[in-house]
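Below is one structure, written out as structure tokens; the observations come after it.
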Amino acid sequence: AVLVLTGSLVPIDNSFYGIMILQLVIGAILILYLDEVVSKWGFGSGVGLFIAAGVAQTIITGTFNFLPATAASTTASGILPGFIQSIIGGAPNFAILIPLIATIIVFLMAVYGESMRIEIPISHGQVRGHGRIRGSVGKYPLKFIYASNMPVILTSALLVNISLFASVFQKLGFPILGQVSGGRPISGLALWLTTPNSLSVLFTNPLRVLFYGIFFLACCVLFSWLWVEISGSLNAKEVAKQLYNSGIQIPGFRSSKRQLYMIMKKYIPALTILGGLFVGILAFIADLTGALGGGTGVLLTVGIVYKLYEEIAQEQLMEMHPMLRRVFE
């Protein structure tokens, strides 16, 4: 309702405001219901799967759509059909391929980042119960993108809210965050914090791109640190506590919660900052080059699909090493 009333979502006619709000409410309820169904009977999160499907649709249609964007246009709106048309016309437009190339690069870098991890050797000092062997050893993985995509999600939400509040303040007669027209900021702080979706902005207004980039990356690092510290299960102290309670220790060190904490503290804070900076840079580059699906969308899709793969793999816990079973329980 707030998005509609502030002008961020504009109906085709003023008489459709109520219908649009009702449509959004019903859509949100359906998504929540389907999320519960998927979470209970399937794998992963329903909302996550919807996000991944939406981004995939955007990438596919943006790449292969052969229909023109408007009735008056004869050029295909898809990148590949449009590029083929430019070749047939005798004037190849290689610039049209930049968003597609950027999407592929960001996708591959995100997959590579998701697969990077630090593996800490661990052993089980007090193994008990059926199928557990004294002195079993293994490795505890710490992901490079330690806070996952939460830094980018929270930063994007912050930027959207700044634009939203700019619309609210403008309607109240106090445009302290800038002017908004047609749901898009046109001046003030809201404009400077609007995602630049084209490389042309880099040449026409480099200071705005620089300001946005610094703010975006700083927020990603900050939210990455806050998420790890506040979540209650990702910081070094909680990880050490979980491992200690599971009977896990580091070979060559005495079995104590403090010793585990000191070892985890060497890695987790650094991974938190570097991981947040990494996903922030990927999202910023993707947005700046106009990547299909947006930088945040591509990163979310990779993270969602990769997490789905991990959840399916963890369904085979009975085939895993007996010691690791206690870590995931």
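Quick check on the stretch 176-185. Is at least one of its residues farther than 30 Å from His124 by Cα, more than 24 Å from the chain's Cα centre (by Cα), part of a helix (DSSP H, G or I) and in contact (Cβ under 8 Å) with a residue 40 or more places away in the chain? Quick ask: steps written out before the conclusion?
Let us first name the residues in the stretch 176-185 that are farther than 30 Å from His124 by Cα, namely 176-185.
Filter once more, keeping what is more than 24 Å from the chain's Cα centre (by Cα): 176-182.
From the residues that got through so far, the ones that are part of a helix (DSSP H, G or I) too are none.
No, the conditions are met nowhere in the stretch 176-185.
When the test is whether a residue is of a type in the set (Gly, Ala, Ser), buried (at least 22 other Cβ atoms within 10 Å of the Cβ) and over 21 Å from Pro141 (Cβ atoms), Gly275 does not pass it.
Go over the candidates Gly213, Gly276, Gly252, Gly297 one by one and state the one that is outside any loop (DSSP other than H, G, I, E, B) and at pLDDT below 90. Let's see the steps before the verdict.
Details: Gly213 fails: at pLDDT below 90; Gly276 fails: at pLDDT below 90; Gly252 fails: outside any loop (DSSP other than H, G, I, E, B).
Criteria check complete, one pass: Gly297.
Among the candidates Lys265, Lys307, Lys257, Lys241, the residue that is among the basic types (Lys, Arg) and either surrounded by 20 or more Cβ atoms within 10 Å (Cβ to Cβ) or under 17 Å from the mean Cα position of the chain (by Cα) (or both) is uniquely Lys307. Tell me, yes or no, whether the stretch 161-175 has at least one residue that is under 30 Å from Ser256 (Cα atoms), in contact with a Leu (Cβ under 7 Å, 6 or more places away or on another chain) and modelled with pLDDT under 90. Checking the stretch 161-175: not a single residue is under 30 Å from Ser256 (Cα atoms), in contact with a Leu (Cβ under 7 Å, 6 or more places away or on another chain) and modelled with pLDDT under 90. Remark: pairs (first residue in the stretch 275-293, within 18 Å of Leu202 (Cα to Cα); second residue hydrophobic (A, V, I, L, M, F, W, C) and part of a loop (DSSP other than H, G, I, E, B); Cβ separation under 7 Å; 6+ apart in sequence or on different chains) = Leu288/Leu199; Thr289/Leu199.
Residue-level check: of (1) crowded, with 22+ Cβ neighbours inside 10 Å; (2) among the aliphatic types (A, V, I, L, M); (3) touching a strand residue (DSSP E or B) at 6+ places or on another chain (Cβ under 7 Å), Ile250 misses just (1).
Please work out which residue is modelled with the lowest pLDDT, limiting yourself to the stretch 189-200 and to residues that are assigned to a helix (DSSP H, G or I) and surrounded by fewer than 17 Cβ atoms within 10 Å (Cβ to Cβ). Full working, then the answer.
Taking the stretch 189-200 first, the residues assigned to a helix (DSSP H, G or I) are 189-192, 200.
Restricting the remaining residues to those that are surrounded by fewer than 17 Cβ atoms within 10 Å (Cβ to Cβ) gives 189, 200.
On the way: Leu189: 87, Ser200: 84.
Checking each candidate, the answer is Ser200.
For the stretch 291-307, the tally of residues that are closer than 17 Å to Ile98 by Cβ and either among the β-branched types (Val, Ile, Thr) or in contact with a strand residue (DSSP E or B) (Cβ under 6 Å, 6 or more places away or on another chain) (or both) stands at 1.
Please tell me if Ala110 is crowded, with 17+ Cβ neighbours inside 10 Å and more than 25 Å from the chain's Cα centre (by Cα). Quick ask: steps written out before the conclusion?
Working: crowded, with 17+ Cβ neighbours inside 10 Å: yes; more than 25 Å from the chain's Cα centre (by Cα): no.
In short, no.
Please enumerate the residues belonging to the stretch 49-75 that are surrounded by 13 or more Cβ atoms within 10 Å (Cβ to Cβ) and modelled with pLDDT under 80. If the condition is that a residue be surrounded by 13 or more Cβ atoms within 10 Å (Cβ to Cβ) and modelled with pLDDT under 80, then Thr75 is the only one that fits.
The values are calculated or read from the model by the stated rules, or taken from the named source; none is laboratory data. The shown structure was predicted, so the numbers you read here are calculated from the model rather than taken from an experiment. FYI the Cβ positions are ideal-geometry reconstructions off the backbone, even for glycines, and counts take in every protein chain you see.
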